[in-house]
1. Applying the selection to the range A:202-250, what residues are of a type in the set (S, T, N, Q) and either within 19 Å of A:Phe460 (Cβ to Cβ) or more than 14 Å from every other protein chain (Cβ to nearest Cβ) (or both)?
2. Name the residue, out of A:Lys79, A:Lys39, A:Lys85, A:Lys56, that is within 29 Å of A:Pro235 (Cβ to Cβ) and out of contact with any Gly (no Cβ under 6 Å at 6 or more places or on another chain).
3. Just to be sure I understand, how many residues within the range A:326-358 are among the polar types (S, T, N, Q), within 13 Å of chain B (Cβ to nearest Cβ) and part of a helix (DSSP H, G or I)?
4. Sort out which residues of the range B:126-171 are buried (at least 16 other Cβ atoms within 10 Å of the Cβ) and of a type in the set (Ser, Thr, Tyr), and write them in order of number.
5. Counting only residues that are in contact with a helix residue (DSSP H, G or I) (Cβ under 9 Å, 6 or more places away or on another chain) and either modelled with pLDDT under 95 or surrounded by fewer than 24 Cβ atoms within 10 Å (Cβ to Cβ) (or both), which one in the range B:15-42 is nearest to the other protein chains (Cβ to nearest Cβ)?
6. Taking the range A:359-411, which residues are within 14 Å of another protein chain (Cβ to nearest Cβ) and not in a helix (DSSP H, G or I)?
7. So which residues in the range A:73-86 are within 11 Å of chain B (Cβ to nearest Cβ) and within 24 Å of A:Pro182 (Cα to Cα), if there are any at all?
8. Just one of (1) more than 17 Å from the chain's Cα centre (by Cα); (2) over 21 Å from A:Lys250 (Cα atoms) trips up A:Leu399, so point out which.
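The values are calculated or read from the model by the stated rules, or taken from the named source; none is laboratory data. Fair warning: this is a prediction, and the values are worked out from it, not measured in the lab. Note that we place each Cβ from the backbone using ideal geometry, even for glycine, and neighbour counts take in every protein chain shown.
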Amino acid sequence: MEKTKGKIKYLGELLRNKEISCQELTTKYLESINQDNGKLNAYVSVTEQEALDTAKAVDKKIASGEELSPLEGIPMTLKDNISTKDIETTCCSKILQGYVPIYNATVWDLLKSQNAVLLGKTNMDEFAMGSSCETSCFGGANNPHNLAHVAGGSSGGVASAVGGNIAAYGLGSDTGGSIRQPASFCGLVGLKPTYGAVSRYGLIAYASSLDQIGPITSTVEDAALVFDAISKKDPMDSTSQGGAEPTLAKLNQDIKGLKIGVAKEYFEGVRDDVKKALEQSIKTYVSLGAQIVYFDLPVLKYALPVYYILACAEASSNLGRYDSIRYGYRTDENYHSIHEMICKTRSEGFGKEVQRRILLGTYVLSSGYYDAYYKKAQRLRGAVVKAFQNAFQSCDVILTPTVPMTAFEQGFSSKDQIETYQTDICTVPINIAGLPAISIPCGFDSKGLPIGMQLIGNTFCESTILNAAYQFENACANQIYKNVDLGVKL
Amino acid sequence: MTYELVSGLETHIELSTKTKIFCGCTTAFGSEPNTNCCPICIGLPGTLPKLNHQVVRYAIMAGLATNCQINNISKMDRKNYVYPDLSKAYQVSQFDKPLCKNGYITLDSGKKINILRIHIEEDAGKLVHERGDTFVDYNRGGVPLIEIVTEPDFRSIDEVKEYVEKLQLIMKYVGVSDCKMQEGSLRCDVNISVRPQGEEKLGTRTEIKNMNSFTFMAKALQYEYDRQIDVIESGEQVIQETRRYNDDTGETESMRGKEDAHDYRYFREPDLVTISTTDEEIEQIRSLLPELPSAKLDRYINEYGISATDAAIIAKYRKVAEFFDEACEGVKAQKIVSNLIISQIFRRFPTDGEKEDFEISITAKMLNDLVLLIDNGKLNMNLAKSTLEKMLDTGKPVSELVSEKDLSGVDESALRQICEEIVSANPSAVSDFKNGKTNAFKSLIGGVMKATKGRADAMLATKILEELIK
């Protein structure tokens, strides 16, 4: 298969040309999960029956000569915080052990109606809180390029599965970088859409004003295809507005004269090899006819504290409902009051990182501290939004690293929380500003680990960043993609 | 020393929308536990609220009916606290940008009770204690409420009572709530403090939660007033705290002190967008408001000349007032209508509740037809009353119960002719009357009534006879 050719389109052609049946394709994926998930720890549950049932339905359609929609019959995965009816959904937290949703998230309804083949639910940092997938109660997901390194987080399982070829694509969620960072770590494409482009209904909330669902895929074309399928105004989500326009048809547009913004603040503290790869990428863009615009983004230094205050505040409220009364894990210990039952359940059910963020969030919302933290952070959020608005007066796309480094070694995150939080510096401002951003690979470090480049767009300008990424991908596919010896080989 | 009571009220009123505030579940009362629930109102992970705009409209109606200003821009906030009946561990409410503010209700004395704000929020579920266990029923979770907060303007228990009654009536008129205290669709939290008469400074207040009957409220306030005075007189200080009224002991008891007060950690509900209402929309809602009880009362007394007592009885029940208004259509003497309703129809609706529901067998139009016949002198009062009884029994219109023949001969010209015949046929009675025997007149009237089979208007017949004899 050609490296830039969309994997989804390629598999779809195999199905349409009857080179492989959907059941055979699905079985191949299920077998490879069996074989390689032990190494990757990408999946936390495998939905074999669901997958095979759907595949059978697709084969029937093919046999009767019916037209297949683009995602029909393509084996995929969902992050384990996306609600799936009758399929356990845990957010990789002990507290949601055994919780089986009675309704589907809107994104899953949309994909299921296209006969997407769900292989299983994938690993993540507990409640999407983390950058390495290691806060998962199932243990972390591993990097397909080097199993001793993490897949990233929080959507580490999706990235590990797609990168390890045990899913054709997947949906993750991104609150501060949770799609883009693991995509960057695993050499994949990750799109965090504009806040409101994709319905959050059924996405188990971490920080409601920042969360957004998006695709992790092997190529830019795949990302556009999946984004087009899920970006839709949803009456169930008041904050959803739907995507601006279909993006797939807008790929392959000339980027001569495209203004790419570069801010020096975004390159401070970035590891040299990553910086070098980014500089090379800028050169590539220049050679493609783009124009580089340099600008200052001093507000960037506030982004991290603003993010951790707002995200934790919202999380402390969103996670209050896990009290074991209606669903989920309940303490085995003795308790003498409902209060004690709830306390023990939450102390046992939530991991350390989640507890840390709940405490932090409770603190910043408490009377006496609200003004100094939450209110100030809200004000600064406004400043961040404005700074980006200003930047987009003079450029079409902003180019930055996705992460200042490459995939951590396992255990890195637990050693120093603050340092780990700091690795989110490039991605969190985008969630604060509600903008769309894509991460695409732009090279490798000396250990062969992928380096990611982030392209940020103005609100609802997904097609601009997808096209810019697509042009870059076309220009240097051989330098940015590398096959790994895992999963399905077609 | 005499002490003055100072009190303010927070009234929760369940809005009578068909569906809940954030989902499509019914708000019906009295269903089997946990049957009016869905993923949204039990707060399952990943669900999002979807604002029912009828709730906003109803709250604006409530605000306009209580002279409030409506905020064009409003928003929802989360009020965080943990309790098993609160499925999300936060209540979606409004903190610093309520929908309505700065209103008032005028008491009979002319005193205004100022309304600080009215905001919308969701109700919580309910704990049910049975067989030594505690169960949770989430049916009520997500039922829309408005909370109406007054300034501490009350100086007596009677004022509190009058305010709640007036508020209840206004909300029923506007049609935003049935305000049934016994079903919990109207509940009050009362703030109360006392201070020596003449003192400006407010005393320390306590709050009594969740009172859902007038009797309890009056008892609780009286008890708490006396208790606070006792505390002060014994040289101690009233503690700021939340108390509840225990009907078994007739006392209020401490629920939690100031130090245990909840820190609700309010912050903007990120799952909902700003609620913006244009002036045009507000005016459109205002134009839909029905005539309010105070205006009705005014009209009944000043335009219809009905006694204040009777007017108040009619205006007290929205359905009765609406029935009355329709029955008065084109009627000259509206007093006849109010008399028929109060003295005759109400005999069939002895209780407050029955008058409230006013499920009457005839339409207001039917009563209107009857009264117009009286007005035109086609039916006298006695016959009208007996006809009304038959109407109420059968639900039939007057046209089916009184024949054309019954109505014929009673109009003025026909009556004059009959009177003339009676006068000429009874010369002795006429001369007796002229000689001062007043009883003789009665026999003449009797003759008229006999001739008309009781259908004649006795007043009119008297008038005609007097004219003829003079």
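1. A:Ser209, A:Gln212, A:Thr217, A:Ser218, A:Thr219, A:Ser231, A:Ser238, A:Thr239, A:Ser240, A:Gln241, A:Thr247
2. Every option except A:Lys85 fails the conditions.
3. Adding up the residues that qualify gives 1.
4. Correct list: B:Tyr138, B:Thr150, B:Tyr163.
5. B:Thr19
6. Passing the criteria: A:Ser366, A:Ser367, A:Gly368, A:Tyr369, A:Tyr370.
7. Of all residues in the range A:73-86, those within 11 Å of chain B (Cβ to nearest Cβ) come to A:81-85.
Residues satisfying the conditions are A:Asn81, A:Ile82, A:Ser83, A:Thr84.
8. If we test A:Leu399 against (1) more than 17 Å from the chain's Cα centre (by Cα); (2) over 21 Å from A:Lys250 (Cα atoms), just (2) comes out false.
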